[in-house]
Amino acid sequence: MIDHPAPRRSRFVVISLLLATVAAGLASRRYPDWQPDFVARYAGDTLWAAMVFWGLALLRPHGRTPVLGGWALAIAFADEFTQLYRAPWIDAVRATRLGALALGQGFLWSDLWCYAAGVTLAAGIDWALAREGRGQPER
C-alpha cells in the first residue's frame, strides 16, 4: 500500500465545491426537462453522494481522500438501505421536500451505482486538486 501524505485542503475550495455540488443537484431535480433523460434520472443521486464527500472533507480537512471516500460511500449506502425501513413517522419526514432530498423516498439498486459514481467523481477531483497543489491554503 502506498502511503500518501494527507492533503491540506482549503476550506474555501471545499465550501465552494460543496455549494456548487448542492446547486447542481438541486438544479438537476428542479429542471429535469432541460437535461437528457439519463442525466435527469441519475444526476441528483450522483451529486448527493459527492456532496457527502465534500461535507466530510470540510469536517476533516486533513483526511486522506480514500478514507473520506470510504466514509462517504458508507454513509450514502446506509442512507439508501434505510429506505427499506417503512414506518409512519419516517415516511412523514420523507414526504417533506427536505426529507425527500436528505433521506430519499424508496430503495433503488441503481442509486448505489450513482453513489459510487458520485464519490468517485468527488474523490477524483479532490485527488487532482491535491496533486496539483490547488486547494491548499496559502503558506
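Yes/no per residue for (1) in contact with a helix residue (DSSP H, G or I) (Cβ under 9 Å, 6 or more places away or on another chain); (2) surrounded by 12 or more Cβ atoms within 10 Å (Cβ to Cβ); (3) within 18 Å of R11 (Cα to Cα):
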residue: W54; (1), (2), (3): yes, yes, yes
residue: L58; (1), (2), (3): yes, yes, yes
residue: T65; (1), (2), (3): yes, yes, yes
residue: G70; (1), (2), (3): yes, yes, no
residue: I75; (1), (2), (3): yes, yes, no
residue: E80; (1), (2), (3): yes, yes, no
residue: Q83; (1), (2), (3): yes, yes, no
residue: P88; (1), (2), (3): no, no, no
residue: A92; (1), (2), (3): yes, no, no
Exclusive hit being in a helix (DSSP H, G or I), modelled with pLDDT of 95 or more and within 20 Å of L19 (Cβ to Cβ), set V67, V52: V52
Members of the stretch 37-52 that are crowded, with 22+ Cβ neighbours inside 10 Å and not aliphatic (A, V, I, L, M): G44, D45, T46, W48
Residue within the stretch 71-83 that is outside any helix (DSSP H, G or I) and of a type in the set (F, W, Y) present: no
From the options D79, D37, D91, residue that is on the phi < 0 side of the Ramachandran plot, under 16 Å from the mean Cα position of the chain (by Cα) and of a type in the set (D, E): D79
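Considering only the stretch 100-130, state which residues are assigned to a helix (DSSP H, G or I) and modelled with pLDDT under 80.
Residues satisfying the conditions are A100, L101, A102, L103.
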Condition check for A123: closer than 17 Å to F53 by Cβ and surrounded by 12 or more Cβ atoms within 10 Å (Cβ to Cβ): yes
Subset of the stretch 94-120 that is surrounded by fewer than 16 Cβ atoms within 10 Å (Cβ to Cβ) and aromatic (F, W, Y) - its residue that is nearest to T65 (Cα to Cα): W113
The listed residue being in a helix (DSSP H, G or I), more than 18 Å from V119 (Cα to Cα) and among the small types (G, A, S), out of A57, A92: A92
Failed item in (1) of a type outside the set (A, V, I, L, M); (2) outside any loop (DSSP other than H, G, I, E, B); (3) in contact (Cβ under 8 Å) with a residue 60 or more places away in the chain, with R9 passing the rest: (2)
Filter result for T21 (touching a Cys at 6+ places or on another chain (Cβ under 8 Å), under 20 Å from C114 (Cα atoms) and touching a residue at least 40 places away in the same chain (Cβ under 8 Å)): no
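The values are calculated or read from the model by the stated rules, or taken from the named source; none is laboratory data. Here the structure is a predicted model, which is why all the values come from computation and not from measurement. We place every Cβ from the backbone using ideal geometry, glycine too, and count neighbours over all the protein chains shown.
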